[in-house]
Amino acid sequence: MTILVTGAAGFIGSHVTQALMARGERVIGLDNLNDYYSPARKRANLAEIGESPDFKFVEGDIRDTDTLRVLFTSERPGTIIHLAGMPAVPYSMKYPLLYEDVNVRGTLNLLEMAREFDVHKFVFASTSSIYGHTDKIPFVETDSTDRPLAPYPATKKACEVLAYTYHHLYGLRCAVLRFFNVYGPRGRPDMGPWKFTEAILAGREFTLYDEGRPRRDWTFISDIVSGILAAADTDMQYEIFNLGRGEPVINCDFVTILERLIGKPARWKNAPLPPTEMIVTFADTSKAQRMLGYLPRVSVEEGLAKFWNWYKAQILQM
């Protein structure tokens, strides 16, 4: 069976593509190589995937229905792992219309292709940001997600609902995966681990909100990939899963681990928590454990060491 991975040149997408190829799957990777961050970094991710007769890369946009129809007509994917989209809360505040266009319209286009071409399974990347402010800890999939704090999670909420509609009307099997603070090698340059590392190396001051007290459920990329593949493999109708580690780390402690690895002190300043930021992210993963066999294995200390080793080899040597 052919598997379509959207966002294949990105952080998570490139790792998922490699994992699928390692087990002998045929993969079509779709990515528009946009400039949200350097397209050169995305091409470097593709280079790390490597060339294989089982991998075909298509440069294209999920908003372009003509490109999608040609791809689905020629390749007939049986599963879609939909990881493409505009990420991150802050940028969505500046460009909400772009987020609606890419995330909602792009996802709707793929759902239409899935309906038209009888795709067996649709795996969709959602976000822990969808939970917003809540006093219920840890986050459970049945919690309310009706009050997201920024356009980015609002668009993901819309996509979750659209996926359910296509399941209800057309029987499309769907797995919605709410990712929690994914990090690791090839991580995006706008994400905390990369930004903190870059600032520490340069001796540059950076900001931590609320004295660094917010907590984040940092989840290493290999654990996320294992959850994605399990969701693609498991027969289900429509299900939502949290994919996190389930062990939130205080932000200032996260930075302290990086200081030890890098061997230099961090210089950070305090700022109030913005209204778009959550106080904590904390995944209850019991449903994913029960239905997918999901069991995160990489501690934050081990994961940051892996990230730092990759950063030294791939970024500092450039």
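Scan segment 93-103 and tell me whether some residue there is touching a Gly at 6+ places or on another chain (Cβ under 9 Å), hydroxyl-bearing (Ser, Thr, Tyr) and either touching a residue at least 40 places away in the same chain (Cβ under 8 Å) or surrounded by fewer than 23 Cβ atoms within 10 Å (Cβ to Cβ) (or both). Before you say what the answer is, go through the steps one by one.
First, pick out the residues of segment 93-103 that are touching a Gly at 6+ places or on another chain (Cβ under 9 Å): 99, 102-103.
Then keep just the ones that are hydroxyl-bearing (Ser, Thr, Tyr); that gives 99.
Narrowing further to those that are either touching a residue at least 40 places away in the same chain (Cβ under 8 Å) or surrounded by fewer than 23 Cβ atoms within 10 Å (Cβ to Cβ) (or both): 99.
Checked segment 93-103: at least one residue is touching a Gly at 6+ places or on another chain (Cβ under 9 Å), hydroxyl-bearing (Ser, Thr, Tyr) and either touching a residue at least 40 places away in the same chain (Cβ under 8 Å) or surrounded by fewer than 23 Cβ atoms within 10 Å (Cβ to Cβ) (or both).
Only one of these is surrounded by fewer than 21 Cβ atoms within 10 Å (Cβ to Cβ), in contact with a Phe, Trp or Tyr (Cβ under 7 Å, 6 or more places away or on another chain), within 21 Å of Phe72 (Cβ to Cβ) and not β-branched (Val, Ile, Thr): Met21, Met1. Name it. Can you show your working first?
Numbers: Met1 fails: in contact with a Phe, Trp or Tyr (Cβ under 7 Å, 6 or more places away or on another chain).
Met21 is the lone residue from the list that is surrounded by fewer than 21 Cβ atoms within 10 Å (Cβ to Cβ), in contact with a Phe, Trp or Tyr (Cβ under 7 Å, 6 or more places away or on another chain), within 21 Å of Phe72 (Cβ to Cβ) and not β-branched (Val, Ile, Thr).
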Inset, instruction - Identify the residue in segment 41-72 that is in contact (Cβ under 8 Å) with a residue 12 or more places away in the chain and hydroxyl-bearing (Ser, Thr, Tyr) and, among all such residues, is surrounded by the most Cβ atoms within 10 Å (Cβ to Cβ). - result: Thr65
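How many residues, within segment 104-132, are over 15 Å from the mean Cα position of the chain (by Cα), closer than 23 Å to Arg147 by Cα and surrounded by 23 or more Cβ atoms within 10 Å (Cβ to Cβ)? Spell out how you get there, then give the answer.
The first filter runs over segment 104-132 and keeps only residues over 15 Å from the mean Cα position of the chain (by Cα), leaving 104-106, 108-122, 131-132.
Retained after the next criterion (residues that are closer than 23 Å to Arg147 by Cα): 104-106, 108, 131-132.
Now restrict to residues that are surrounded by 23 or more Cβ atoms within 10 Å (Cβ to Cβ): 106, 131.
The total comes to 2.
Going by the conditions given, is Leu149 over 19 Å from Asp284 (Cα atoms), modelled with pLDDT of 95 or more, touching a Cys at 6+ places or on another chain (Cβ under 9 Å) and of a type outside the set (Phe, Trp, Tyr)? Steps first, please.
Working: over 19 Å from Asp284 (Cα atoms): yes; modelled with pLDDT of 95 or more: yes; touching a Cys at 6+ places or on another chain (Cβ under 9 Å): no; of a type outside the set (Phe, Trp, Tyr): yes.
No; evaluated as a whole, the condition is false for this residue.
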Inset, instruction - Run Ile262 past the list (1) free of Cβ contacts under 8 Å to residues at least 40 places away in the same chain; (2) in contact with a Leu (Cβ under 8 Å, 6 or more places away or on another chain) and report the number of the one that doesn't hold. - result: (1)
Inset, instruction - Please work out which one of (1) among the aliphatic types (A, V, I, L, M); (2) crowded, with 19+ Cβ neighbours inside 10 Å; (3) out of contact with any Asp or Glu (no Cβ under 6 Å at 6 or more places or on another chain) is the condition Ile240 fails and give its number. - result: (3)
Inset, instruction - Tell me, please, whether a residue that is modelled with pLDDT under 95 and aliphatic (A, V, I, L, M) can be found in segment 135-143. - result: yes
Inset, instruction - Tell me, yes or no, whether segment 209-220 has at least one residue that is touching a residue at least 40 places away in the same chain (Cβ under 8 Å), more than 23 Å from Asn270 (Cα to Cα), of a type outside the set (Gly, Ala, Ser) and assigned to a strand (DSSP E or B). - result: yes
Inset, instruction - Return the residue satisfying two criteria in turn: it lies in segment 230-249 and is in a helix (DSSP H, G or I) and in contact with a Leu (Cβ under 7 Å, 6 or more places away or on another chain), and of such residues it is farthest from Val298 (Cα to Cα). - result: Ala231
Inset, instruction - Could you please let me know if Ile240 is in contact with a helix residue (DSSP H, G or I) (Cβ under 9 Å, 6 or more places away or on another chain) and at pLDDT below 95? - result: no
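Looking only at helices (runs of 4 or more DSSP H) that lie completely in segment 1-112, which have at least 3 residues being farther than 30 Å from Gly171 by Cβ? Let's see the steps before the verdict.
Values: elements: 11-22, 39-49, 65-75, 89-94, 96-99.
Fully inside segment 1-112 and qualifying: 11-22, 39-49, 89-94, 96-99.
The values are calculated or read from the model by the stated rules, or taken from the named source; none is laboratory data. Nothing here was measured: the structure is a model prediction, and the numbers come from that model. Reconstructed Cβ throughout: ideal geometry from the backbone, glycine too, with neighbour counts over all protein chains shown.
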